[in-house]
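Beneath this line is the structure, given in structure tokens, with notes to follow.
The values are calculated or read from the model by the stated rules, or taken from the named source; none is laboratory data. Computed from a prediction, not measured in an experiment: that's the story for all the values here. All Cβ positions, glycine included, derive from the backbone under ideal geometry; neighbour counts span all protein chains shown. With ligands, DNA and RNA removed, areas are computed over all heavy atoms of the protein, side chains included. Shrake-Rupley method; radii C 1.70, N 1.55, O 1.52, S 1.80 Å.
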Amino acid sequence: MNTILRKSVLGIAGLAFTGGVFAGPVAAHAADTTTHAAKPVTVSVQGDKLIPHGVQGEQSRIDLDAEQTANVKAIIAATKKAGMDERAAVVSIATALQESKLENLGHLGDRNDHDSQGLFQQRPSSGWGTVEQITDPEYSTTAFLKGLKQVDGWQDMPLTKAAQTVQVSAYPDHYAQWEQQAADLVAEHWNK
């Protein structure tokens, strides 16, 4: 797909996200246990692949339950199936942490003024797929990765810029806060 067409497609999908995709996840998790750490922890041996340029800004971290951990494993499996590396899994997991706190969200009704759903808060009305598809972790991850593959140089850009190019969020810098936890999760689960 040529660059102009890709940007147009991503822009149209992103405009739909911009109007309120975060109202749902933020409102849905208003009481979450997000913590901020001034200094990120060190990543394992794979660190150079997981965080090529170091994390940007303060990092957030949440405790994961069994469902969220299963979603991490599903994202990693879909990333491997797509033939992509650990860095793609880190970008995907950080994006899902920001969008849904790794919860496979259905329609949030009054707490969400759009039709955003799933781990990545993708919208059927924006062409991401049907509700059934975008609430399937493998499908939604594959759709996200398809967009990521179209971002020239995503492997070498800051995580938040790569995620933002696919998601086109109203809050483009918010993905950065999840990079360390995403890298830690990939380091923990990639070879399992």
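List every residue pair whose Cβ atoms lie under 8 Å apart, where the two residues are 6 or more positions apart in sequence or sit on different chains, the first residue falls within region 175-192 and is open to solvent by 20 Å² or more (accessible area, probe 1.4 Å), and the second residue, located anywhere, is in a loop (DSSP other than H, G, I, E, B) and acidic (Asp, Glu).
177/58
Kindly establish whether residue 149 is touching a helix residue (DSSP H, G or I) at 6+ places or on another chain (Cβ under 9 Å), among the basic types (Lys, Arg) and free of Cβ contacts under 8 Å to residues at least 12 places away in the same chain.
Here the answer is no, as residue 149 does not meet what is asked.
Residue-by-condition table, conditions (1) surrounded by 23 or more Cβ atoms within 10 Å (Cβ to Cβ); (2) among the acidic types (Asp, Glu); (3) under 24 Å from residue 157 (Cβ atoms); (4) modelled with pLDDT of 95 or more:
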| position | (1), (2), (3), (4) |
| --- | --- |
| 57 | no, no, yes, no |
| 76 | yes, no, yes, yes |
| 90 | yes, no, yes, yes |
| 103 | no, yes, no, no |
| 116 | yes, no, no, no |
| 122 | yes, no, yes, no |
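I'd like the full set of residues that are more than 21 Å from residue 67 (Cβ to Cβ) and outside any loop (DSSP other than H, G, I, E, B), limited to region 115-136.
Hits for region 115-136 are 124, 125, 126.
Run residue 169 past the list (1) of a type in the set (S, T, N, Q); (2) open to solvent by 20 Å² or more (accessible area, probe 1.4 Å); (3) not in a helix (DSSP H, G or I) and report the number of the one that doesn't hold.
(2)
Identify the residue in region 148-166 that is in a helix (DSSP H, G or I) and either at positive phi or touching a Ser or Thr at 6+ places or on another chain (Cβ under 8 Å) (or both) and, among all such residues, is surrounded by the fewest Cβ atoms within 10 Å (Cβ to Cβ).
Of everything passing the filter in region 148-166, 154 is surrounded by the fewest Cβ atoms within 10 Å (Cβ to Cβ).
Yes/no matrix, rows are residues, columns are (1) under 11 Å from residue 182 (Cα atoms); (2) in contact with a Cys (Cβ under 8 Å, 6 or more places away or on another chain); (3) assigned to a helix (DSSP H, G or I); (4) not β-branched (Val, Ile, Thr):
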residue: 63; (1), (2), (3), (4): no, no, no, yes
residue: 67; (1), (2), (3), (4): no, no, yes, yes
residue: 79; (1), (2), (3), (4): no, no, yes, no
residue: 92; (1), (2), (3), (4): yes, no, yes, yes
residue: 96; (1), (2), (3), (4): yes, no, yes, yes
